[in-house]
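For reference, the structure is listed below as structure tokens.
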Amino acid sequence: MFKSLHKSQAAALTLMVLALLVLWYLGALWLNSDLLINGYERRNIDWSFSQLLADAYSMKRPLLPTPDQIAAELYKSIFDTKISSKRSLVYHTGITLSSTLLGFLMGAVLGIVLAIGIVHNRTLERSLMPWVITSQTIPILAIAPMIIVVLGALNFTGLVPKAIISMYLSFFPVTIGMVKGLRAPDKLHMELLATYSAKPGEFFWKLRWPTALPYLFASLKIAIAASLVGAIVAELPTGAQGGLGARLLSGSYYGQTVQIWAALVVAAVLGAVLVALVGMMERKINRRMGIAA
Amino acid sequence: MDMTVNTQPASSPERAKEEARKIIAIEDLSLVFETNDGPVNALSHIDLDIHAGDFVSFIGPSGCGKTTLLRVIADLERQTEGSIQVDGTSPEDARLNRLYGYVFQAPGLFPWRTIAGNCKVPLEIFGMSKEQQQRHVDKYLELVGLGDFHKKFPWQLSGGMQQRASIARALSFEPELLLMDEPFGALDEITRDHLNLELLKIWRETRKTVVFVTHSIPEAVLLSTHIVVMSPRPGRIAKIIKSPLPRERTLEDRESPEFIALAQEVREALANDHRIN
Ligand SMILES: Nc1ncnc2c1ncn2[C@@H]1O[C@H](COP(=O)(O)OP(=O)(O)OP(=O)(O)O)[C@@H](O)[C@H]1O
Ligand SMILES: [Mg+2]
């Protein structure tokens, strides 16, 4: 029963992927053919449909590259290029990953510290919370260049300014989640500790923190994805020499759509992997805390 | 506290002195909750003395202030008038001196800690050494019949076992006074009987003072040396009944004439009170 369900699910998934691929190839043909037909006409070439088909799927700079072109580019730039080379996607991924992780760590720490302050102090709550919320209504694209330039003037270049932008995006979900989590303990549990005359630190470590952990992990999953976005956005305006963002930017300068798509695919996969890693950490801690069976 | 029938070994002078000691002295105590729709007189002019070694039950209809009175003793609530002394000091100092263990109506175990880990919470807070913690936890989990469940998490235990674990947690730091708010209220009768006997055994063996809230007349009669009958609106003490039963009790005692007469007395006190209202 379960097996057949599994099978039918797998079949449905395969069908979906196939349908998407067919649509993609049709779309590539449709989008790229205009460009090609114009070219044929300009050069007065007689063209046939089969010619168009072959050309549409093998352009150097297509409007929409085909999945096989992207896959080929990925293979070339990941496996066939030396990792230290500027053409290696592994090299660029490494750069983006390091600022993502640094920004994520800083954002998580900042988010947790802010939440602790907000939960323990009413004045802090009233003075901080509006700023925390306002910070996220400012479009990151608008302030990212400013932050980079200002920090550059202060001789902060490279990893740190990018990480700060990642932090800017990632601290917010952590603060919001942790404020909720740190306030989640039962009244009964709070009173139990009160009967032991527990000190504030004991309330925190024995009750608030463990209660908040599930909220923390939910927030961290959002935060790490936001961190990646922050790192890529930070690489766009800086004319950075490396990173997936730089790869996207140079791809669009030179019309290298295949390169752009390859970088996008890597970014998407990287995001999924990072979120999955946080999920794994969560399951590990859940097991230790006896939550999962 | 003298008792008409006492099966305890001949009481030494020391023990007599111990028993005479007042653990809780409440005088003309009132408590008013200020709520959105006006003040609620939860407790009104309460006078009550509880001596070391007593097993005192609060019984009365819902909302008559049993929990509130227990919470005042535990310093979880402050009276608005009158005075209360716990072990010769304020409830706050008694709490700071770790005089009492409180058992809530729900087990209130931390789901992320094992049963042993839960029992260690107060011990950790009180700064007990690791070995000593282990010794205490072993002893009291054994005492409540959970010797084989140290490493289990709360959700792996039945409700009755969880409640026993919470009792072990309250006993683990060996407080002199046990405050228990309907600890067996949510349990079936068989489990309840069983836990009642265990509690009696613990009380006799450890010579603690117990203040116990219940809705059940048989439970109050089976366990108590003194039954405090309370009445609602405003919450006050209608009658304090001293039990003539010996300390050593069994479930079969519930068939005895003394038991039945005492239960009848409690029932009448509760009913009288209802007529007044
Ligand atoms: N925190 C509070 N704020 C306002 N009113 C309260 C509060 N706690 C209790 N009360 C009121 O005080 C009265 C006594 O409540 P209490 O919980 O002591 O009753 P109880 O005898 O324990 O009842 P039960 O048997 O249902 O547990 C009730 O009328 C209740 O509504
Ligand atoms: Mg109650």
In the stretch B:97-119, anything more than 16 Å from ligand 1 (Cβ to nearest atom) and among the small types (Gly, Ala, Ser) is listed as B:GLY101, B:ALA116, B:GLY117
Given the criterion touching a helix residue (DSSP H, G or I) at 6+ places or on another chain (Cβ under 8 Å) and either modelled with pLDDT under 90 or not assigned by TED's automatic domain parsing to the domain that holds A:ALA184 (or both), identify the matching residue among A:SER98, A:SER84. A:SER84
Pick out the one residue from A:LYS221, A:LYS206 that is assigned by TED's automatic domain parsing to the domain that holds A:PRO173, basic (Lys, Arg) and under 25 Å from A:HIS92 (Cβ atoms). A:LYS221
Do we have any residue at all in the stretch A:19-30 that's surrounded by fewer than 12 Cβ atoms within 10 Å (Cβ to Cβ) and closer than 19 Å to A:THR257 by Cα? yes
Checked A:ILE133, A:ILE176, A:ILE148, A:ILE138 against criteria (among the β-branched types (Val, Ile, Thr) and under 16 Å from A:SER99 (Cβ atoms)); the one match is A:ILE148
Show me the helices (runs of 4 or more DSSP H) entirely contained within the stretch B:45-125 in which 3 or more residues are in contact with a Leu (Cβ under 8 Å, 6 or more places away or on another chain) and within 11 Å of chain A (Cβ to nearest Cβ). B:115-125
Of the residues in the stretch B:155-193, those that are in a loop (DSSP other than H, G, I, E, B) and either within 16 Å of ligand 1 (Cβ to nearest atom) or more than 12 Å from every other protein chain (Cβ to nearest Cβ) (or both) come to B:SER158, B:GLU174, B:GLU176, B:GLU182, B:PRO183, B:PHE184, B:GLY185, B:ALA186, B:LEU187, B:ASP188
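Per-residue answers, yes or no, for (1) modelled with pLDDT of 95 or more; (2) among the aliphatic types (A, V, I, L, M):
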| position | (1), (2) |
| --- | --- |
| B:GLU19 | no, no |
| B:ASN36 | no, no |
| B:LEU70 | yes, yes |
| B:LEU99 | no, yes |
| B:TYR102 | yes, no |
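Among residues belonging to the stretch B:83-134 that are of a type in the set (S, T, N, Q) and under 20 Å from B:LEU29 (Cα atoms), point out the one that is nearest to the chain's Cα centre (by Cα).
Applying the filter and picking the extreme gives B:GLN85.
This table checks each residue for (1) within 28 Å of A:PRO210 (Cβ to Cβ); (2) within 16 Å of ligand 2 (Cβ to nearest atom); (3) in contact with an Asp or Glu (Cβ under 9 Å, 6 or more places away or on another chain).
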{"residue": "B:SER57", "(1), (2), (3)": "no, yes, yes"}
{"residue": "B:THR68", "(1), (2), (3)": "no, yes, yes"}
{"residue": "B:LEU76", "(1), (2), (3)": "yes, yes, yes"}
{"residue": "B:SER83", "(1), (2), (3)": "no, no, yes"}
{"residue": "B:VAL86", "(1), (2), (3)": "no, no, yes"}
{"residue": "B:GLU92", "(1), (2), (3)": "yes, no, yes"}
{"residue": "B:GLN105", "(1), (2), (3)": "yes, yes, yes"}
{"residue": "B:LEU109", "(1), (2), (3)": "yes, no, no"}
{"residue": "B:CYS119", "(1), (2), (3)": "yes, no, no"}
Reported set for the stretch B:216-232 where residues are within 13 Å of ligand 1 (Cβ to nearest atom), in contact with a strand residue (DSSP E or B) (Cβ under 7 Å, 6 or more places away or on another chain) and not aliphatic (A, V, I, L, M) is B:SER231
Residues in the stretch B:81-96: is at least one touching a helix residue (DSSP H, G or I) at 6+ places or on another chain (Cβ under 7 Å), near ligand 1 (Cβ under 9 Å from one of its atoms), in contact (Cβ under 8 Å) with a residue 12 or more places away in the chain and not charged (D, E, K, R)? no
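Go through the stretch A:145-160 and give me each residue that's surrounded by fewer than 23 Cβ atoms within 10 Å (Cβ to Cβ) and either modelled with pLDDT of 90 or more or part of a helix (DSSP H, G or I) (or both).
A:PRO145, A:MET146, A:ILE147, A:VAL149, A:VAL150, A:LEU151, A:GLY152, A:ALA153, A:LEU159, A:VAL160
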When residues of the stretch A:179-196 are filtered for being buried (at least 17 other Cβ atoms within 10 Å of the Cβ), in contact with a Leu (Cβ under 8 Å, 6 or more places away or on another chain) and facing another protein chain (nearest Cβ under 8 Å), how many remain? 3
Pull out all pairs, ordered by first then second residue, where Cβ-Cβ is under 7 Å, the residues are six or more apart or on different chains, the first lies in the stretch B:197-217 and is within 14 Å of chain A (Cβ to nearest Cβ), and the second is within 16 Å of ligand 2 (Cβ to nearest atom) and outside any strand (DSSP E or B). B:VAL211/B:LEU70; B:VAL211/B:ILE73
Which members of the stretch B:21-77 meet the condition of being in contact (Cβ under 8 Å) with a residue 40 or more places away in the chain, near ligand 1 (Cβ under 9 Å from one of its atoms) and loosely packed, with under 15 Cβ neighbours inside 10 Å? B:SER62, B:GLY63
With the checklist (1) closer than 24 Å to B:LEU109 by Cβ; (2) modelled with pLDDT under 95; (3) aromatic (Phe, Trp, Tyr) in hand, flag the one item A:TYR196 doesn't pass. (2)
Looking at A:LEU13, A:LEU5, A:LEU21, A:LEU63 in this structure, which one is assigned to a helix (DSSP H, G or I) and under 30 Å from A:ARG87 (Cβ atoms)? A:LEU21
Tell me whether the stretch A:201-212 contains one or more residues that are in contact with a strand residue (DSSP E or B) (Cβ under 8 Å, 6 or more places away or on another chain) and within 14 Å of chain B (Cβ to nearest Cβ). no
Looking at the stretch B:196-245 only, could you name the residues that are in a strand (DSSP E or B), within 16 Å of ligand 2 (Cβ to nearest atom) and within 13 Å of the chain's Cα centre (by Cα)? B:VAL211, B:PHE212, B:VAL213, B:THR214, B:VAL228
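The values are calculated or read from the model by the stated rules, or taken from the named source; none is laboratory data. Everything quoted here is computed from the prediction, not taken from an experiment. Neighbour counts run over all protein chains shown; Cβ positions are idealised from the backbone, glycine included.
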